[in-house]
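Take a look at the structure below.
Here, each number is a calculation from the coordinates, and none is a lab measurement. This is a predicted model, so every value here is computed, not measured. Every residue, glycine among them, receives a Cβ derived from its backbone with ideal geometry; neighbour counts consider all protein chains shown.
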Amino acid sequence: MPAKKWIFWLKVLAFVLVIGFVGYKLYDYWQQISLSELHDALTIDWRWGPVSMLGFMGVMLTSALGWVFIARRMGDQAPVLPLLGAYCFSQMGKYVPGKVMLLVMRVERSSRLGMPQRICTLSTLLENVAYMISGAIFGGAILAKILAGRGDIQGGLLLTAVGLSCVALLVVAHPKVFYRLVNPVLRKMKRPEVEPSQRLRMRWLLLSIILMVPCWVCGGVALWATTRCLVPIDLIHVWGLMGAFALSVIGGMVSFLPGGLGPREAVQALFLMPVVMTALPADNDTKAKAAIIVTVVVILQRLFQIVIELLLGLAGGLFCTITARRMAQGTAVAAATDPVPVTKV
């Protein structure tokens, strides 16, 4: 069986196992709690919603700056602010199955601003690699620390697994490997190879990984604020929720549903369960109540995220379009006012 099919079926298996396990546990907890207790447990304090949405705004703008930074290092000279708008606009494309629409939308908008399509495509790919490595290191380190603090040997094993995965991604993303994989594909497509001046150097990739760290901080704050909508958890839990958010994003990579639906929420739910249980009165129904609350939290979390993605996407797409038209008008005016050279006979 070809390697691509093996990867496909492994993703299917991981997706089914995660969703099946979480779904079974939630159904079991649902049966243990009465309707009156459920009503009391689901009182939502909407005042924390704007805080969560601001956190998601920070996630999107940080990753957008990371993409622009990578594109700049590859030789792009398009204006920064409109490119941020193009990035936000393209993020709406991830909700189309296959996730290819995101790239199509980003290429379409950024090319209006003068970014070459090749730079847009390669910088988007490398941005996702940097995003995954940064999230894996950050989330894995925090989870390993939490488990080690509990005396759990799995912390060391997890840290080892995360480290090996990050090393593998870094090897693939290294210029000596990455462009040896990309250039043959370009030749088959009858496109010119990536010039050395447009290749992202390794030190810039490593710096972009560091620049992605605020994503996990903002995401952790968003997850904490969303949880506060239902239970009054302490601010100290933000640290662990930063790691939960980072790993949930990585988990979303195996999802076949738009926007990483399913595994992303499942990872967040697994992290949130012990946090929510500490904020509830200890009784026979604590675990069941926590499971229901966590379910509502991850649904609200996705709702707040979609609201921000739509608002920033629409605003970014409009700003990008207006800027592109002004640039085109400026070019047309410059061409009309330039004196036409007279050829002497």
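Things to note:
- Theoretical FRET efficiency, 1/(1+(r/R0)^6), r = Cβ-Cβ of Arg47 and Val100, R0 51 Å, to 0.05: 0.85
- Taken about its Cα centre, region 164-321 carries a charge dipole of roughly 960 debye when the Cβ of each Lys and Arg holds +1 and the Cβ of each Asp and Glu holds -1.
- Using C-alpha pairs under 8 Å with a sequence gap of at least 6, the mean separation divided by the residue count of region 45-327 gives a relative contact order of 32 percent.
- Calculated FRET value between Ala315 and Thr160, using beta carbons and R₀ = 51 Å, to 0.05: 0.75
- Inter-site label distance for Arg180 and Glu195 at 7 Å from Cα along Cβ, in nm: 2.4
- Descending Cα extents along the principal axes, region 45-327, whole Å: 67, 42, 28
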